[in-house]
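Below you'll find the structure, written out as structure tokens, and then a few comments.
The values are calculated or read from the model by the stated rules, or taken from the named source; none is laboratory data. These numbers were taken from a predicted model, which means no experiment stands behind them. FYI the Cβ positions are ideal-geometry reconstructions off the backbone, even for glycines, and counts take in every protein chain you see. For accessibility, only protein heavy atoms count, side chains too; no ligands or nucleic acids. Shrake-Rupley method; radii C 1.70, N 1.55, O 1.52, S 1.80 Å.
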Amino acid sequence: MRALVLSSAEAPLSVQEFPDPVPREGEVVVDLAAGALNYRDVWITKGKYPGIHFPVVPGSDGAGWLNGKPVLLNPSLQWGDNPAAQGKSYHILGLPTTGTFAERIAIPAENVFDIPAHLTMEQAAAIPLGGLTAYRALFSRANLQPGERVLISGIGGGVALFVFQFARAAGAEVYVTSSSAEKIARAVDMGAKGGANYREEGWSGRLKAEAGGFDVIIDSAAGPGFPDLMSLLLPAGRIVLYGGTRGPIPNLNPQQLFWRQLNILGSTMGHSGEFADMIAFIDRHRIEPAVDSVFPLTNGQAAFDRMANGLQFGKIVLQIDN
Ligand SMILES: NC(=O)c1ccc[n+]([C@@H]2O[C@H](COP(=O)([O-])OP(=O)(O)OC[C@H]3O[C@@H](n4cnc5c(N)ncnc54)[C@H](OP(=O)(O)O)[C@@H]3O)[C@@H](O)[C@H]2O)c1
């Protein structure tokens with residue numbers, strides 16, 4: 001089969017012949033029609049992902065055909081029995097196993113789900129990893145309630161936009177941050193109450209004056225700006241962190257944390273029950289994922305460059321001719 005292959009760290013990705021998948025017991029082979037990028041794939045191309053090996057076919061998000069039926073794939077593999085946290089065998093599709101940026105993939109049959117009827121193949125491929133991460137962070141971890149006020153940082157991100165759409169559909173009042181005025185404006189067009197540019201001096205004070213504080217904040221940046229986010233939480237507020245794009249948090253104020261009864265919650269991906277619930281939620285609310293752009297698999301490197309440069313608003317999709 002043909003696949004988008006990374007031969008070594010920092011090498012350009014290229015479409016090459018790659019061995020066809022051989023299904024193990026309990027697995028099926030899906031003919032892929034589209035895949036989508038996650039920041040994880042960019043980390044992999046930089047050789048910075050634990051367990052990296054070469055050559056590797058990246059890709060955690062995929063949609064395609066199984067026995068003539070349109071399907072999408074749950075990239076959470078071997079979560080285990082405990083819904084509160086994944087077990088030791090847990091791994092994500094696309095490393096160490098061969099990923100979705102290929103014509104075919106072998107995957108456990110239990111990870112294959114029907115595509116909601118209102119979605120195209122490209123929209124469906126945009127959902128799995130980001131949608132699952134967003135769903136668990138917002139509902140299982142933050143326990144979002146209708147009418148609550150939510151802040152989503154870095155709204156251009158793939159996961160962030162799912163959080164946005166899910167929170168709105170669940171009846172929350174949503175604000176956003178971004179490095180880009182244009183992305184904030186787009187979020188406001190989609191129903192955000194307001195937003196702030198996290199690169200501007202004094203942004204958090206201005207946002208607090210405007211919005212009055214937040215019940216829930218969903219963040220993937222962490223880093224030195226995290227205390228600014230914490231200052232925006234209402235007493236007993238919850239902040240869920242699912243990424244660490246800006247690295248460690250150097251200056252957390254313990255007094256602020258305990259005196260204001262704040263909750264910092266970590267979240268990663270989700271289990272198969274959450275995946276099924278997430279797809280049903282998307283179906284029920286007729287949610288269409290924000291697709292930033294669609295590239296042919298043969299131009300995969302350009303898709304990776306777009307994500308690495310942070311230019312996207314939503315998911316970057318790869319179209320796979322099959
Ligand atoms: N734990 C998990 O299960 C899980 C799952 C998925 C992703 N992640 C992690 O979450 C992060 C985002 O992943 P993604 O796939 O959504 O990536 P993405 O689509 O590339 O989004 C990254 C976004 O981060 C935002 N950002 C950058 N610096 C920021 C800052 N200082 N403050 C706030 N936002 C900032 C940018 O938003 P603007 O362009 O609007 O400025 C950018 O669009 C990555 O670190 C990834 O590894 C973790």
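Of the residues making up the stretch 52-76, just one is more than 23 Å from PRO289 (Cα to Cα) and within 15 Å of the ligand (Cβ to nearest atom), namely ILE52. Does GLY130 satisfy the condition of being within 11 Å of the ligand (Cβ to nearest atom) and either in contact (Cβ under 8 Å) with a residue 12 or more places away in the chain or open to solvent by less than 20 Å² (accessible area, probe 1.4 Å) (or both)? So GLY130 passes the test. Out of all the residues in the stretch 165-200, which are more than 14 Å from the ligand (Cβ to nearest atom), of a type outside the set (Lys, Arg) and open to solvent by 20 Å² or more (accessible area, probe 1.4 Å)? Matches in the stretch 165-200: ALA169, ALA170, GLY171, GLU173, ASP189, GLY191. Return yes or no: is PHE162 within 18 Å of ALA290 (Cα to Cα), at pLDDT 95 or above and either more than 11 Å from the ligand (Cβ to nearest atom) or over 13 Å from the mean Cα position of the chain (by Cα) (or both)? Taking the combined requirement at face value, the residue does not satisfy it. The set of residues in the stretch 224-252 that are open to solvent by 30 Å² or more (accessible area, probe 1.4 Å), among the small types (Gly, Ala, Ser) and within 13 Å of the ligand (Cβ to nearest atom) contains only GLY244. For the stretch 30-39, does any single residue satisfy the condition of being hydrophobic (A, V, I, L, M, F, W, C) and either under 30 Å from LEU265 (Cβ atoms) or in contact with a Cys (Cβ under 7 Å, 6 or more places away or on another chain) (or both)? Within the stretch 30-39, one or more residues are hydrophobic (A, V, I, L, M, F, W, C) and either under 30 Å from LEU265 (Cβ atoms) or in contact with a Cys (Cβ under 7 Å, 6 or more places away or on another chain) (or both).
For the stretch 305-322, filtered to residues that are within 11 Å of the ligand (Cβ to nearest atom) and closer than 15 Å to LEU13 by Cβ, the residue that is surrounded by the most Cβ atoms within 10 Å (Cβ to Cβ) is ILE316. The residue that is farthest from LEU73 (Cα to Cα), among those in the stretch 1-31 that are part of a loop (DSSP other than H, G, I, E, B) and among the polar types (S, T, N, Q), is SER8. When ASP41 is tested against (1) surrounded by 24 or more Cβ atoms within 10 Å (Cβ to Cβ); (2) farther than 26 Å from GLY314 by Cβ, exactly one condition is not met: (2). When GLY213 is tested against (1) open to solvent by 30 Å² or more (accessible area, probe 1.4 Å); (2) small (Gly, Ala, Ser); (3) on the phi > 0 side of the Ramachandran plot, only condition (1) is not met.
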